[in-house]
Amino acid sequence: MSNYYQPEIETASLEQIREWQNERLVKQIRHVWDNVPYYRKKMEEKGVTPDDVKGVDDLKKLPFITKADLRDAYPYGLLGAPLSDCVRIQSTSGTTGKRVVAFYTQNDIDLWEDCCARAIVAVGGTKEDVCQVAYGYGLFTGGAGLNGGSHKVGCLTLPMSSGNTERQLQFMTDLGSTILCCTPSYALYLAESIHEQGLSDQIKLKAGIFGAEAWSEDMRRDIENKLNIKAYDIYGLTEITGPGVAFECEAQSGMHINEDHFIAEIIDPDTCEVLPEGSKGELVFTCITKEGFPMIRYRTRDICVLTREKCSCGRTHIKMSKPMGRSDDMLIVKGVNVFPSQIETVLIQQGYAANYQIVVDRVNHSDTLEVLVEMTPELFSDSLGKITEMEKSLVAELKTMLGIYAKVKLVAPKSIARSEGKAVRVIDKRKI
Ligand code: DLL
């Protein structure tokens, strides 16, 4: 068993976890008060001083940090360590507004890579594995995080980055990759390409670590069947480190949050009230060990549920559900809340792959919803003369799921533009 299964940490008692969190939180709050004027000002505005924070129970007294704060403080206003102690930046993949730039000291990189190493070990990774990292490298955190984690576990690491599918498949077959790390949409794309090229017999993959975008349980099953592997979820965000903030274990029922580094809360996104365990709401993180970019009560906008139920893997750290959407990009179409994951569920249940694009527009003051759905090659070759019928059937299923009419257009396999990184699922023309 690798060093990066850390039972003394990962299976610690709740009392022990709280003790670490209390001690580290108090230290972190004192540190930002003394060293980060932006935080001090926010705390002063709320009438809180470090003396008011004695442990996790006092977290709720502290102000939240949002993306708007990151924009205000861009680029250096939230630095928690001297710039000369920072050794790296990473940045978000967002296309609008200013990018988020996060700073890392060497300790930050170490703890981040430890978290990713834990994720790899949790899917059965050891130094005998060949780990193909097909997340983007560069400013995006996916490649860097899993690459570092893979090194720490001692896997043979293939730093492929995303894209160049031919090369991915060549290395995967020639070097016998056993673990694949990439976005779930790219995993599906690779699976389709493997199938088309008749390479299934030459693939040695046993597990995949997929995250960075929303994917449903149906999509998990689809990937598992197509690649004949176990598919595990991994969650994270640039502001908090990157991938590895939380990861799935063999139980595949929620992701353990690395609670020795991050304290998680769930709040009501409208009232900001802290909700009890088991409630659905917005996830908020506080970094208690990070130095360069120590986020305090950062509002992720991701909607999920936290549970501290006993896990069959033995880990005691609290679990988060798959994000069920975002408090800010949930679509409201004709007054109805629409989550892309609902549409995905219908498509997969109807035998389509999760390759789709949702286009929302406003015509004559009324919202329109259109779903472009890529056919699988099998459906495509079988579809002659049946397209209208197939589209009608999807319209009916979507109406049942969403409660509103969505126009459906079936398109040829691989005709929806793919970034080969994160899939562009939604085009909301009303905002342009
Ligand atoms: O996506 C970090 C990452 C890389 C996670 C590789 C997992 C694997 P950002 O680009 O900053 O960071 O985007 C963060 O992506 O707030 C979520 O909305 C979404 N997200 C990340 N992981 C998942 C997941 C990386 N497993 C934003 N399921 C987050 C659903 C996810 N959404």
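Numerical summary
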| read-out | value |
| --- | --- |
| Matching residues, the stretch 1-16, being part of a helix (DSSP H, G or I), more than 20 Å from D110 (Cα to Cα) and in contact (Cβ under 8 Å) with a residue 40 or more places away in the chain | L14 |
| Matching option when the condition is at pLDDT 95 or above and within 11 Å of the ligand (Cβ to nearest atom), among V153, V133 | V133 |
| Answer residue from the stretch 304-329, given it is touching a Pro at 6+ places or on another chain (Cβ under 9 Å) and within 15 Å of the ligand (Cβ to nearest atom) and is modelled with the lowest pLDDT among those | D329 |
| Unique match (being polar (S, T, N, Q) and part of a loop (DSSP other than H, G, I, E, B)) among T126, T173 | T126 |
| Residues satisfying the stated conditions in the stretch 219-238, i.e. over 12 Å from the mean Cα position of the chain (by Cα), of a type outside the set (G, A, S) and either surrounded by 20 or more Cβ atoms within 10 Å (Cβ to Cβ) or within 14 Å of the ligand (Cβ to nearest atom) (or both) | M219, R220, D222, I223, L227, I229 |
| Condition check for L139: closer than 16 Å to T241 by Cα, surrounded by fewer than 24 Cβ atoms within 10 Å (Cβ to Cβ), within 18 Å of the chain's Cα centre (by Cα) and in contact (Cβ under 8 Å) with a residue 24 or more places away in the chain | yes |
| Pairs where the first residue, in the stretch 223-238, is without any contact (Cβ under 8 Å) to a residue 60 or more places away in the chain and the second is among the polar types (S, T, N, Q) and within 16 Å of the ligand (Cβ to nearest atom), C-beta under 9 Å, 6+ apart | A231/Q252 |
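The values are calculated or read from the model by the stated rules, or taken from the named source; none is laboratory data. These figures come from a predicted structure and were not determined experimentally. No Cβ is skipped: glycine too gets one built from the backbone with ideal geometry, and neighbour counts run over all protein chains shown.
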